[in-house]
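Visitor: Would you mind keeping the following structure in view while I ask a few things?
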Amino acid sequence: MPLVKIEIRKGKSAEHKKAILDGVHDALVKSIKIPDHDRFQRLYELNNENFESPPNKTDNVTLIEITMFKGRTMSAKKDLYKAIVDNLAKNPGIDGDDIVIILIEPPLENWGIRGGKPANEVDLGFNINV
């Protein structure tokens, strides 16, 4: 149940935004093995005056913050980073140097899900130890 927050500069097409959302989700499904239907994503568009970045970044700079259950291996995380960058390079054509990814992994007991139960007390229906 990763929660994905993506921040981009305002002005991109609907197709560009959808490609980002689909590319990140596809990477999550393939690399950390979440179910395909498990899709919580938010895309925020910021005006230039509200989005500062280093001078070596282009207008395609994309910040991706993924909050997910703790338990994935370093190998799975590396696969995730690579899959996101590869997917977004293909469509919508974002250079890997314009992509910043951060993972936040609160312990399972810090997630309230399925009617307010701690995630460590719920059968998630998929393995997080990948």
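Visitor: Work out the FRET efficiency for PHE126 and THR58 from their Cβ-Cβ distance, taking R0 = 25 Å, and round it to the nearest 0.05.
Guide: Given R0 = 25 Å and the Cβ-Cβ separation, E is 0.10.
Visitor: Between GLU45 and ILE102, what is the label-point separation in nm under the 7 Å Cα-to-beta-carbon projection?
Guide: 2.4 nm
Visitor: Which residues does the label zone of ASP38 cover in the range 83-121, counting backbone N under 18 Å from a point 7 Å along Cα→Cβ?
Guide: 83-84, 103-121
Visitor: Measuring from centroid to centroid over Cα atoms, what is the spacing of the range 92-111 and the range 4-40 in Å?
Guide: Comparing the Cα centres of the range 92-111 and the range 4-40, I get a distance of 11 Å.
Visitor: Still on this structure: Tell me the mean residue ellipticity at 222 nm calculated for the chain from its helices only (DSSP H runs of n ≥ 4, each -39500 (n - 2.57), averaged over every residue, nearest 500).
Guide: Counting only the DSSP helices, I get -9500 deg cm²/dmol.
Visitor: Within the range 29-130, report the GluC sites (Glu not before Pro) that DSSP leaves as loop and that have at most 16 other Cβ atoms within 10 Å.
Guide: Counting only loop positions with at most 16 other Cβ atoms within 10 Å, the GluC sites (Glu not before Pro) in the range 29-130 are GLU52.
Visitor: Given H placed on each backbone N at 1.01 Å, which residues far from THR62 in sequence or on other chains put an amide H within less than 5 Å of it?
Guide: ILE99, VAL100
Visitor: Could you check the spin-label model distance between GLU15 and ARG114? Points 7 Å from the Cα along Cα→Cβ, value in nm.
Guide: Each label point lies 7 Å from its Cα, and together they span 4.1 nm.
Visitor: Skipping prolines and chain starts, which residues have an amide H placed within reach, meaning under 5 Å, of the one on LEU46, given they are 5 or more residues away or on another chain?
Guide: ILE8, ARG9, LYS10
Visitor: So, one more: Listed here are the pairs LYS33/LYS117; LYS17/LYS57; LYS30/LYS77; LYS30/LYS78; which of them are more than 20 Å apart at the Cα?
Guide: Checking Cα-Cα distances, LYS33/LYS117 exceed 20 Å.
Visitor: Tell me the Rg and the Dmax, in Å, that the Cα atoms of the chain produce.
Guide: Calculated on Cα positions, Rg and Dmax stand at 15.4, 46 Å.
Visitor: Pairs of alpha-carbon atoms within less than 8 angstrom and 6+ residues apart define the contacts here; what relative contact order does the chain have, in percent?
Guide: Over the chain, the number comes to 33 percent.
We did not get these values from a lab; they are worked out from the coordinates using the rules stated. Note that the coordinates shown come from a computational prediction; the quantities given were computed from them, not determined experimentally. Cβ atoms come from the backbone with ideal geometry, glycine included; neighbour counts cover every protein chain shown.
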